[in-house]
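The values are calculated or read from the model by the stated rules, or taken from the named source; none is laboratory data. Note that the structure is a prediction, hence the values are computed from the model and not measured. Counting neighbours? That spans all protein chains shown, and the Cβs are built from the backbone with ideal geometry, glycine included. These area figures cover heavy atoms from the full protein model, side chains too; ligands, DNA and RNA do not enter into them. Shrake-Rupley method; radii C 1.70, N 1.55, O 1.52, S 1.80 Å.
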Number of protein chains: 2
Amino acid sequence: MTPNTLNSESLAQKLAHSGLRNTPQREVVYTALLTKRDHPTADEVHARVRADLPTISLATVYNCLETLVQCDLVRAVNFERGPTRYCPNLAPHAHFHDEATGATFDIDLPTGLISKIKDVLPPGYDADAIDIIFRGKTTATR
Amino acid sequence: MTPNTLNSESLAQKLAHSGLRNTPQREVVYTALLTKRDHPTADEVHARVRADLPTISLATVYNCLETLVQCDLVRAVNFERGPTRYCPNLAPHAHFHDEATGATFDIDLPTGLISKIKDVLPPGYDADAIDIIFRGKTTATR
DNA sequence: GACTAGAGTTAGAATAATTCCAAACTCCAC
DNA sequence: GTGGAGTTTGGAATTATTCTAACTCTAGTC
(Lines give C-alpha, C1' and ligand atoms only; values in the text may rest on other atoms or scores of the structure.)
Protein backbone atom coordinates (compact mmCIF):
# COMPACT_ATOMS: atom_id res chain seq x y z
CA MET A 1 0.00 0.00 0.00
CA THR A 2 1.06 3.58 -0.58
CA PRO A 3 0.00 5.38 2.51
CA ASN A 4 0.76 8.86 1.28
CA THR A 5 -1.23 8.66 -1.89
CA LEU A 6 -4.07 6.92 -0.20
CA ASN A 7 -4.22 9.42 2.59
CA SER A 8 -3.72 12.36 0.33
CA GLU A 9 -6.83 11.27 -1.50
CA SER A 10 -8.75 10.83 1.68
CA LEU A 11 -7.55 14.27 2.73
CA ALA A 12 -8.82 15.86 -0.48
CA GLN A 13 -12.07 13.95 -0.17
CA LYS A 14 -12.73 14.83 3.40
CA LEU A 15 -11.88 18.46 2.83
CA ALA A 16 -14.14 18.63 -0.22
CA HIS A 17 -16.87 16.98 1.78
CA SER A 18 -16.74 19.89 4.20
CA GLY A 19 -16.56 22.46 1.41
CA LEU A 20 -12.93 23.22 2.13
CA ARG A 21 -9.98 23.51 -0.22
CA ASN A 22 -7.02 21.23 -0.38
CA THR A 23 -4.03 23.50 -0.02
CA PRO A 24 -0.30 22.69 -0.03
CA GLN A 25 -0.15 23.75 3.61
CA ARG A 26 -2.86 21.31 4.64
CA GLU A 27 -1.18 18.55 2.70
CA VAL A 28 2.25 18.96 4.24
CA VAL A 29 0.81 19.22 7.73
CA TYR A 30 -1.21 16.07 7.25
CA THR A 31 1.71 14.27 5.65
CA ALA A 32 3.97 15.28 8.52
CA LEU A 33 1.58 13.68 10.99
CA LEU A 34 1.39 10.49 8.95
CA THR A 35 5.13 10.28 8.43
CA LYS A 36 6.25 10.42 12.03
CA ARG A 37 3.48 9.31 14.34
CA ASP A 38 5.01 10.44 17.59
CA HIS A 39 2.18 12.76 18.64
CA PRO A 40 3.97 16.01 17.87
CA THR A 41 2.95 19.43 19.15
CA ALA A 42 1.96 22.22 16.78
CA ASP A 43 5.42 23.66 17.23
CA GLU A 44 7.09 20.39 16.29
CA VAL A 45 4.86 20.03 13.24
CA HIS A 46 5.82 23.56 12.25
CA ALA A 47 9.51 22.71 12.47
CA ARG A 48 9.02 19.59 10.35
CA VAL A 49 6.92 21.10 7.59
CA ARG A 50 9.31 23.99 7.14
CA ALA A 51 11.56 21.54 5.31
CA ASP A 52 8.91 21.28 2.59
CA LEU A 53 7.33 24.69 2.81
CA PRO A 54 9.83 27.11 4.33
CA THR A 55 7.45 30.05 4.48
CA ILE A 56 4.61 28.35 6.33
CA SER A 57 3.71 30.18 9.51
CA LEU A 58 2.96 28.74 12.92
CA ALA A 59 -0.52 30.27 12.79
CA THR A 60 -1.19 28.34 9.59
CA VAL A 61 -0.01 25.13 11.22
CA TYR A 62 -2.51 25.74 14.01
CA ASN A 63 -5.21 26.48 11.44
CA CYS A 64 -4.44 23.37 9.42
CA LEU A 65 -4.36 21.12 12.46
CA GLU A 66 -7.68 22.51 13.62
CA THR A 67 -9.11 21.94 10.14
CA LEU A 68 -7.89 18.34 10.14
CA VAL A 69 -9.45 17.77 13.54
CA GLN A 70 -12.75 19.21 12.25
CA CYS A 71 -12.62 16.84 9.27
CA ASP A 72 -12.05 13.85 11.56
CA LEU A 73 -8.69 13.10 10.02
CA VAL A 74 -6.70 13.78 13.14
CA ARG A 75 -7.26 13.64 16.88
CA ALA A 76 -6.07 16.26 19.34
CA VAL A 77 -4.75 14.88 22.62
CA ASN A 78 -4.14 16.83 25.78
CA PHE A 79 -1.96 15.75 28.63
CA GLU A 80 -1.76 17.65 31.83
CA ARG A 81 -0.55 21.19 31.41
CA GLY A 82 1.42 20.49 28.26
CA PRO A 83 0.78 21.65 24.73
CA THR A 84 -1.82 19.89 22.60
CA ARG A 85 -0.51 16.93 20.61
CA TYR A 86 -1.85 15.53 17.38
CA CYS A 87 -2.44 11.98 16.30
CA PRO A 88 -3.48 10.66 12.87
CA ASN A 89 -4.60 7.30 14.24
CA LEU A 90 -8.35 7.18 13.77
CA ALA A 91 -8.96 3.71 15.16
CA PRO A 92 -10.41 3.84 18.66
CA HIS A 93 -7.48 3.84 20.98
CA ALA A 94 -6.23 5.12 24.29
CA HIS A 95 -2.98 6.92 25.02
CA PHE A 96 -0.23 5.92 27.39
CA HIS A 97 1.90 8.78 28.63
CA ASP A 98 5.27 7.75 29.98
CA GLU A 99 5.93 10.15 32.82
CA ALA A 100 9.66 9.48 32.80
CA THR A 101 10.36 10.24 29.14
CA GLY A 102 7.28 12.19 28.12
CA ALA A 103 6.74 9.79 25.24
CA THR A 104 3.25 8.87 24.16
CA PHE A 105 2.08 5.49 22.90
CA ASP A 106 -1.14 4.42 21.26
CA ILE A 107 -2.93 1.62 23.06
CA ASP A 108 -5.39 -0.33 20.94
CA LEU A 109 -8.76 -0.87 22.52
CA PRO A 110 -10.67 -4.10 21.90
CA THR A 111 -13.98 -3.57 20.19
CA GLY A 112 -16.71 -3.55 22.75
CA LEU A 113 -14.72 -1.94 25.53
CA ILE A 114 -15.71 1.55 24.40
CA SER A 115 -19.39 0.72 24.48
CA LYS A 116 -18.91 -1.01 27.81
CA ILE A 117 -17.37 2.16 29.16
CA LYS A 118 -20.15 4.26 27.68
CA ASP A 119 -22.62 2.09 29.58
CA VAL A 120 -21.56 3.70 32.85
CA LEU A 121 -23.07 7.01 31.75
CA PRO A 122 -26.35 7.74 33.50
CA PRO A 123 -29.41 8.50 31.37
CA GLY A 124 -29.32 11.93 29.79
CA TYR A 125 -25.60 11.86 29.12
CA ASP A 126 -24.65 11.42 25.49
CA ALA A 127 -20.93 11.18 24.73
CA ASP A 128 -19.58 11.97 21.28
CA ALA A 129 -16.05 11.02 22.22
CA ILE A 130 -14.11 9.37 24.99
CA ASP A 131 -10.52 10.09 25.82
CA ILE A 132 -8.66 7.55 27.88
CA ILE A 133 -5.24 8.47 29.11
CA PHE A 134 -2.97 6.19 31.11
CA ARG A 135 -0.11 7.75 32.98
CA GLY A 136 2.78 5.76 34.33
CA LYS A 137 6.00 4.02 33.51
CA THR A 138 6.88 1.65 30.75
CA THR A 139 9.79 -0.57 29.88
CA ALA A 140 8.51 -0.94 26.35
CA THR A 141 10.93 0.18 23.69
CA ARG A 142 9.33 1.26 20.47
CA MET B 1 -21.36 14.56 59.45
CA THR B 2 -19.30 17.70 59.45
CA PRO B 3 -17.41 17.60 56.21
CA ASN B 4 -15.26 20.62 56.91
CA THR B 5 -13.96 19.44 60.23
CA LEU B 6 -13.48 15.95 58.98
CA ASN B 7 -11.65 17.09 55.91
CA SER B 8 -9.72 19.74 57.71
CA GLU B 9 -8.33 16.97 59.86
CA SER B 10 -7.51 14.83 56.89
CA LEU B 11 -5.85 17.87 55.31
CA ALA B 12 -3.67 18.45 58.37
CA GLN B 13 -2.89 14.74 58.55
CA LYS B 14 -1.98 14.34 54.94
CA LEU B 15 0.15 17.47 54.97
CA ALA B 16 1.95 16.33 58.12
CA HIS B 17 2.49 12.95 56.54
CA SER B 18 4.42 14.67 53.77
CA GLY B 19 6.31 16.87 56.21
CA LEU B 20 4.39 19.96 55.12
CA ARG B 21 2.73 22.64 57.21
CA ASN B 22 -0.95 23.32 57.44
CA THR B 23 -1.29 27.00 56.58
CA PRO B 24 -4.40 29.18 56.42
CA GLN B 25 -3.89 29.47 52.66
CA ARG B 26 -3.88 25.73 52.17
CA GLU B 27 -6.97 25.39 54.34
CA VAL B 28 -9.07 27.95 52.52
CA VAL B 29 -8.05 26.57 49.12
CA TYR B 30 -8.99 23.06 50.16
CA THR B 31 -12.23 24.23 51.78
CA ALA B 32 -13.13 26.16 48.65
CA LEU B 33 -12.81 22.99 46.59
CA LEU B 34 -14.93 21.02 49.03
CA THR B 35 -17.60 23.69 49.32
CA LYS B 36 -18.40 24.09 45.64
CA ARG B 37 -17.48 21.00 43.70
CA ASP B 38 -17.84 22.42 40.25
CA HIS B 39 -14.26 21.75 39.10
CA PRO B 40 -13.04 25.33 39.32
CA THR B 41 -9.90 26.66 37.67
CA ALA B 42 -7.04 28.12 39.71
CA ASP B 43 -8.36 31.57 38.83
CA GLU B 44 -11.84 30.73 40.08
CA VAL B 45 -10.44 29.29 43.29
CA HIS B 46 -8.45 32.48 43.73
CA ALA B 47 -11.58 34.61 43.36
CA ARG B 48 -13.45 32.47 45.90
CA VAL B 49 -10.79 32.34 48.59
CA ARG B 50 -10.25 36.07 48.47
CA ALA B 51 -13.48 36.38 50.44
CA ASP B 52 -11.75 34.64 53.36
CA LEU B 53 -8.18 35.71 52.79
CA PRO B 54 -8.14 38.93 50.78
CA THR B 55 -4.38 39.10 50.40
CA ILE B 56 -3.83 35.62 49.01
CA SER B 57 -2.03 35.72 45.70
CA LEU B 58 -2.74 33.72 42.58
CA ALA B 59 0.73 32.21 42.76
CA THR B 60 -0.08 30.89 46.22
CA VAL B 61 -3.32 29.40 44.96
CA TYR B 62 -1.32 27.58 42.29
CA ASN B 63 1.18 26.46 44.93
CA CYS B 64 -1.54 25.25 47.28
CA LEU B 65 -3.39 23.38 44.56
CA GLU B 66 -0.19 21.70 43.49
CA THR B 67 0.52 20.76 47.10
CA LEU B 68 -2.95 19.26 47.49
CA VAL B 69 -2.48 17.26 44.32
CA GLN B 70 0.86 15.99 45.64
CA CYS B 71 -0.81 14.92 48.88
CA ASP B 72 -3.53 13.04 46.97
CA LEU B 73 -6.26 15.22 48.35
CA VAL B 74 -7.25 16.68 45.02
CA ARG B 75 -7.14 15.64 41.39
CA ALA B 76 -6.15 17.91 38.53
CA VAL B 77 -8.22 17.51 35.39
CA ASN B 78 -7.37 18.80 31.96
CA PHE B 79 -9.81 19.26 29.15
CA GLU B 80 -8.73 20.24 25.70
CA ARG B 81 -6.90 23.54 25.56
CA GLY B 82 -8.56 24.97 28.66
CA PRO B 83 -7.06 25.75 32.02
CA THR B 84 -6.49 22.97 34.55
CA ARG B 85 -9.46 22.26 36.79
CA TYR B 86 -9.43 20.80 40.28
CA CYS B 87 -11.60 18.15 41.84
CA PRO B 88 -11.69 17.00 45.49
CA ASN B 89 -13.47 13.74 44.64
CA LEU B 90 -10.99 10.98 45.34
CA ALA B 91 -13.19 8.02 44.49
CA PRO B 92 -12.31 6.56 41.11
CA HIS B 93 -14.44 8.39 38.62
CA ALA B 94 -14.52 9.70 35.10
CA HIS B 95 -15.44 13.18 33.94
CA PHE B 96 -18.15 14.23 31.56
CA HIS B 97 -17.56 17.51 29.82
CA ASP B 98 -20.68 19.13 28.42
CA GLU B 99 -19.54 20.82 25.23
CA ALA B 100 -22.54 23.12 25.11
CA THR B 101 -22.22 24.65 28.58
CA GLY B 102 -18.65 23.80 29.51
CA ALA B 103 -19.88 22.20 32.73
CA THR B 104 -18.14 19.17 34.13
CA PHE B 105 -19.78 16.26 35.90
CA ASP B 106 -18.29 13.41 37.88
CA ILE B 107 -19.26 9.98 36.60
CA ASP B 108 -18.92 7.17 39.11
CA LEU B 109 -17.13 4.12 37.84
CA PRO B 110 -18.19 0.68 38.97
CA THR B 111 -15.49 -1.20 40.81
CA GLY B 112 -13.78 -3.55 38.44
CA LEU B 113 -14.09 -1.41 35.36
CA ILE B 114 -10.81 0.33 36.07
CA SER B 115 -8.94 -2.94 36.32
CA LYS B 116 -10.74 -4.19 33.23
CA ILE B 117 -9.51 -1.12 31.38
CA LYS B 118 -6.01 -1.59 32.72
CA ASP B 119 -6.05 -5.11 31.29
CA VAL B 120 -5.78 -3.71 27.77
CA LEU B 121 -2.27 -2.48 28.50
CA PRO B 122 0.39 -4.66 26.85
CA PRO B 123 3.12 -6.13 29.07
CA GLY B 124 5.68 -3.57 30.13
CA TYR B 125 3.16 -0.78 30.58
CA ASP B 126 2.44 0.13 34.18
CA ALA B 127 -0.19 2.81 34.73
CA ASP B 128 -0.31 4.82 37.95
CA ALA B 129 -3.44 6.65 36.95
CA ILE B 130 -6.13 6.60 34.32
CA ASP B 131 -8.07 9.62 33.19
CA ILE B 132 -11.31 9.03 31.38
CA ILE B 133 -13.02 11.99 29.83
CA PHE B 134 -16.33 11.89 28.02
CA ARG B 135 -17.23 14.76 25.78
CA GLY B 136 -20.73 15.36 24.54
CA LYS B 137 -24.14 16.71 25.39
CA THR B 138 -26.32 16.17 28.39
CA THR B 139 -29.87 16.99 29.36
CA ALA B 140 -29.05 16.28 32.98
CA THR B 141 -29.68 19.19 35.30
CA ARG B 142 -27.55 19.20 38.39
C1' DG C 1 12.43 35.64 75.00
C1' DA C 2 15.81 36.39 70.88
C1' DC C 3 18.07 33.77 66.87
C1' DT C 4 18.14 31.11 63.04
C1' DA C 5 16.97 28.08 59.25
C1' DG C 6 13.77 26.56 56.40
C1' DA C 7 9.14 26.58 54.66
C1' DG C 8 5.69 29.35 52.80
C1' DT C 9 3.77 33.58 50.71
C1' DT C 10 3.71 37.52 47.82
C1' DA C 11 3.69 40.67 43.66
C1' DG C 12 5.26 41.19 39.59
C1' DA C 13 8.04 39.74 35.72
C1' DA C 14 8.74 36.13 32.48
C1' DT C 15 7.49 32.28 29.63
C1' DA C 16 4.75 29.23 26.86
C1' DA C 17 0.83 28.04 24.14
C1' DT C 18 -2.58 29.62 21.53
C1' DT C 19 -5.69 32.87 19.33
C1' DC C 20 -6.77 37.13 17.16
C1' DC C 21 -6.42 40.42 13.56
C1' DA C 22 -5.86 42.88 9.41
C1' DA C 23 -3.65 42.76 5.19
C1' DA C 24 -2.24 40.16 1.30
C1' DC C 25 -2.92 36.29 -1.56
C1' DT C 26 -5.26 32.43 -4.31
C1' DC C 27 -8.60 30.25 -6.67
C1' DC C 28 -12.66 29.63 -9.16
C1' DA C 29 -17.08 31.03 -11.13
C1' DC C 30 -19.12 34.42 -13.50
C1' DG D 1 -10.36 39.82 -15.75
C1' DT D 2 -13.32 40.84 -11.74
C1' DG D 3 -15.38 39.75 -7.34
C1' DG D 4 -15.88 37.22 -3.43
C1' DA D 5 -15.03 33.47 -0.47
C1' DG D 6 -11.58 30.95 1.51
C1' DT D 7 -6.73 30.84 3.00
C1' DT D 8 -2.29 32.32 4.57
C1' DT D 9 0.78 35.34 6.94
C1' DG D 10 3.35 37.92 10.65
C1' DG D 11 2.84 40.21 14.48
C1' DA D 12 0.22 41.63 18.35
C1' DA D 13 -2.68 40.11 22.04
C1' DT D 14 -4.37 36.92 25.31
C1' DT D 15 -4.36 33.26 28.56
C1' DA D 16 -2.44 30.04 31.74
C1' DT D 17 1.25 29.04 34.35
C1' DT D 18 5.86 29.34 36.32
C1' DC D 19 9.78 31.87 38.00
C1' DT D 20 12.18 35.05 41.01
C1' DA D 21 13.56 37.58 44.74
C1' DA D 22 12.10 39.72 48.81
C1' DC D 23 9.50 39.15 52.71
C1' DT D 24 7.08 36.61 56.60
C1' DC D 25 6.10 33.16 59.59
C1' DT D 26 7.07 29.21 62.55
C1' DA D 27 9.44 25.68 65.09
C1' DG D 28 13.24 24.48 67.39
C1' DT D 29 17.46 25.97 70.01
C1' DC D 30 20.05 28.37 73.14
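Of the residues A:GLU66, A:GLU27, A:GLU80, which exhibits the maximal mean-square fluctuation in a Gaussian network model of chain A defined by a 10 Å Cα contact cut-off?
A:GLU80
Order of A:94-103, B:108-117 by packing, highest average Cβ count within 10 Å first?
A:94-103, B:108-117
I'd like the carbon and sulfur percentage of the solvent accessible area for segment A:13-137, probe radius 1.4 Å, heavy atoms only, ligands and nucleic acids excluded.
50 percent
Based on Cβ point charges of +1 for Lys and Arg and -1 for Asp and Glu, what charge dipole magnitude is obtained for segment A:3-86 about its Cα centre, in debye rounded to the nearest 20?
Approximately 20 debye in magnitude.
Can you give me the three principal axis dimensions of chain B from its C-alpha atoms, in Å, biggest first?
Principal axes ranked by extent give 46, 37, 33 Å for the Cα atoms.
Taking θ = phi - 60°, what integer Hz values does the Karplus form 6.51 cos²θ - 1.76 cosθ + 1.60 yield along segment B:17-29, in sequence order, with x for Gly and Pro?
So the Karplus estimates, Gly and Pro as x, are 4, 9, x, 10, 8, 9, 9, x, 4, 5, 5, 5, 5 Hz.
At q = 0.16, 0.18, 0.23, 0.26 Å⁻¹, work out log10 I(q)/I(0) for segment A:91-136 with the Debye formula, treating every Cα as an identical point scatterer and leaving solvent out; two decimals please.
The computed values of log10 I(q)/I(0) come out as -0.52, -0.62, -0.84, -0.95.
Taking the Cα centre as origin and putting +1 on Lys and Arg beta-carbons and -1 on Asp and Glu beta-carbons, what dipole magnitude results for the protein assembly as shown, to the nearest 20 debye?
Value, rounded to 20: 180 debye.
For segment B:111-117, in order, what is each residue's ³J(HN,Hα) by Karplus, 6.51 cos²θ - 1.76 cosθ + 1.60 with θ = phi - 60°, in whole Hz (x at glycine and Pro)?
4, x, 5, 4, 5, 5, 5
Placing unit charges on C-beta atoms (Lys and Arg positive, Asp and Glu negative, everything else neutral), compute the dipole magnitude of chain B about its Cα centre in debye, rounded to 20.
So the magnitude is around 200 debye.
Can you tell me which of A:ASP106, A:ASP126, A:ASP52 moves the most in a GNM of chain A? Springs connect C-alpha atoms under 10 Å apart.
The residue that fluctuates most here is A:ASP126.
Measuring label to label, 7 Å along Cα→Cβ, what does A:GLU9 give against each other copy in nm, shortest first?
Taking the point 7 Å beyond Cα along Cα→Cβ, the inter-copy spacings are 6.9 nm.
Shielding by partners for A:107-120, please: the mean number of other protein chain Cβ atoms within 10 Å of each residue's Cβ.
For this peptide, the per-residue mean of nearby foreign Cβ atoms is 3.
Taking 0.36 nm per residue of separation and subtracting the Cα-Cα distance, what length does fully extending B:ASP38 through B:HIS17 add?
This chain segment gains 4.8 nm when fully extended.
Most fluctuating residue of B:TYR125, B:TYR62, B:TYR86 in a GNM of chain B with Cα springs under 10 Å: which is it?
Answer for the Gaussian network model of chain B: B:TYR125.
Taking a threshold of 18 Å on the Cα-Cα distance, which of the pairs A:LYS36/B:LYS118; A:LYS116/A:LYS137; A:LYS116/B:LYS118 fall above it?
A:LYS36/B:LYS118; A:LYS116/A:LYS137
How far is A:THR35 from the same spot in each other copy, in nm, shortest first, if each label point sits 7 Å from Cα toward Cβ?
For A:THR35, the other copies' label points sit at 5.5 nm, shortest first.
If you average 1/r over every pair of different alpha-carbon atoms in the protein assembly as shown and take one over that average, what Kirkwood value in Å do you get?
21.1 Å
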